[in-house]
Amino acid sequence: MKSAFLQGAVALGAIALIPATTAALADAEGSSYKALDEFMDVFQKVRSDYVEKVDDEKLIRGAIDGMLASLDPHSNFLDERAFQNLRTQTEGSYGGLGLSVTQEDGAVKVIAPTQDTPAWRAGIKAGDYITHLDGQLIYGGTLDEAVDRMRGAPGTAIKLTIVRPGRDKPIELSLTREIIELKPVKWEVKNGVGVINIISFSANTGADLRQAIRSIDKSIGRKPTGYILDLRSNPGGLLDEAVSVSDIFLERGEIVSQRGRQKGDVERYYAKPGDDAKGLPVIVLVDSGSASASEIVAGALQDQHRALVMGERSFGKGSVQTMLPLSNTTALKLTTARYYTPSGRSVQEGGIDPDIRVPQLSDPDYKTRPKFRESDLRRHLINEIKSDNAALEEDVKDDPRFTMSAEELKKKGITDFQLHYALQTIGRLAHAPGAVVAQAGPAARKPASR
């Protein structure tokens, strides 16, 4: 009798759930239709009553932009011009200044200057605000308009007014546009060490890195003492190229995973056999401008105990954007997943914490200039597990090893303190290769630290 009663109760409960679930779906659908009706009411009112006639396409585009802007800082609609700009960034070259910029509350903010470009040579820093172009205020305009004005024919001049947090007065700069050749990899040899700078993760970055390693070996006539992989101020780029770069230094193991909305929506990327660096010591340099693909590489080599990560905490962009074509000339760039390092940590918000923190002492503003990171962006994706990276970063300012001023370093001929420190360190690692594993502290690889 008891069993029959329970069975009946379960059956009754299941039947009761059916109309409730159907009703919930109907309510959700009804709510969506109501919101769309409200949108059309507003659309019609603006068309008929706004003080000036407004183009329908402009209104619809504004609605699309507003919808995507409500999600996160990296999802947006690409019209024909924006779509072409993105292709230029990953494939081609252009006449301009060499700046990656974003927009924040109507102001144009620098993400990072590209190395060896007019902007980089002029000393523009990540986190700077561009307020005027040729004396004209650009606040409140669109980002596309500002980018179009900064680009132009090589050899032409443009004046920029920069507001830098920590500086009392604006900085006036006069720059000359150049052809910005998007060569993703540059290399040189310093003190028998191969120094490789990856500027962006665009098409063929992995192949260019392999060629750089061969060129370094050939120029020395033997294997170098080790390699320094410089990812500072690298804003990222293509996921496949980040995987390719990581694979060059790894024999085996996971490089990165990306996890989407559904529980089973997980994709993992693994290294193939073969270490192009032949097990030699590797140091990866990062700073607050190292983002996205740069963080994938730094995190993979750190978690796999293949390299020491040195410098400052990275930007903290741990999301994946997918290009969804809407036509031949337009697309939707939509955040579809988060990526995770081999140990399972998300770098979203927290970034990659270096094994050895080294401030850029050769930058006279490093103590006063605020760092600009993902966590500063409005509507950024939240990482559920917070870290104490910010507090740890403050501690390094009082480290007795890092007390020399930029002027003192300049007198010693040191113009890049972080690179100088890395060169000294890799010389010691060459005599004790096991230190690469030993110094890659466990705190940097535990998922709980994020």
Quiz prompt | Rounded, prolate or oblate (a/c below 1.5 giving rounded, otherwise prolate when a/b exceeds b/c) for segment 128-271 by Cα gyration tensor | solution = oblate
Quiz item: Tell me, ASP134, ASP355, ASP49 in order of fewest to most beta-carbon neighbours within 10 Å?
Solution: ASP49, ASP134, ASP355
Quiz item: Cα gyration tensor of segment 84-161, axes a ≥ b ≥ c as square roots of the eigenvalues: rounded (a/c below 1.5), prolate (a/b > b/c) or oblate?
Solution: rounded
Quiz item: Short version: ³J(HN,Hα) in whole Hz for each residue of segment 184-195, in order, from phi by Karplus 6.51 cos²θ - 1.76 cosθ + 1.60 (θ = phi - 60°), x for Gly and Pro, what are they?
Solution: x, 10, 10, 9, 7, 10, 10, 6, x, 10, x, 9
Quiz prompt | Cα-based reach from LYS412 at 19 Å (exclusive), listing lysines while leaving out same-chain residues under 8 positions away | solution = LYS190
Quiz item: Considering only Cα-Cα distances, which of the following residue pairs are longer than 27 Å: LYS34/LYS263; LYS169/LYS367; LYS183/LYS411; LYS125/LYS183?
Solution: LYS34/LYS263; LYS183/LYS411
Practice problem: Return the long-range amide H neighbours of VAL193 (sequence gap of 5 or more, or a different chain), with a cut-off of under 5 Å between placed amide H atoms. | Solution: THR225
Quiz prompt | Estimated vicinal HN-Hα couplings, Hz - segment 360-368 in sequence order (Karplus 6.51, -1.76, 1.60; Gly, Pro = x) | solution = 8, 4, 6, 8, x, 9, 5, 7, 9
Quiz item: Which residues' amide hydrogens lie under 5 Å from the amide hydrogen of TYR270, considering only partners 5 or more residues apart or on another chain, with H built in the peptide plane?
Solution: ILE255
Practice problem: Which order do the peptides 240-250, 58-68, 309-319 take when ranked by the mean count of other beta-carbon atoms within 10 Å per residue, highest first? | Solution: 309-319, 240-250, 58-68
Self-check item: Quotient of Cα Rg and 2.2 N^0.38 Å for segment 183-449, N being how many residues it contains
Solution: 0.99
Quiz item: Amide H of VAL320: which non-local residues (sequence gap of 5 or more, or other chain) have their own amide H closer than 5 Å, using H built in the peptide plane?
Solution: THR336, ALA337, ARG338, TYR339
Quiz item: For the peptides 280-292, 340-352, what is the packing order when you average, over each peptide's residues, the other Cβ atoms within 10 Å and list the highest mean first?
Solution: 280-292, 340-352
Practice problem: Tally the DSSP beta bridges in segment 183-449 and give the antiparallel ones as a percent, rounded to 5. | Solution: 60
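Every number in this text was worked out from the coordinates using simple rules, so none of it is lab data. Computed from a predicted model, the values in this text were never measured in an experiment. When we count neighbours, we look across all protein chains shown, and the Cβ atoms used for this are built from the backbone with ideal geometry, even at glycine.
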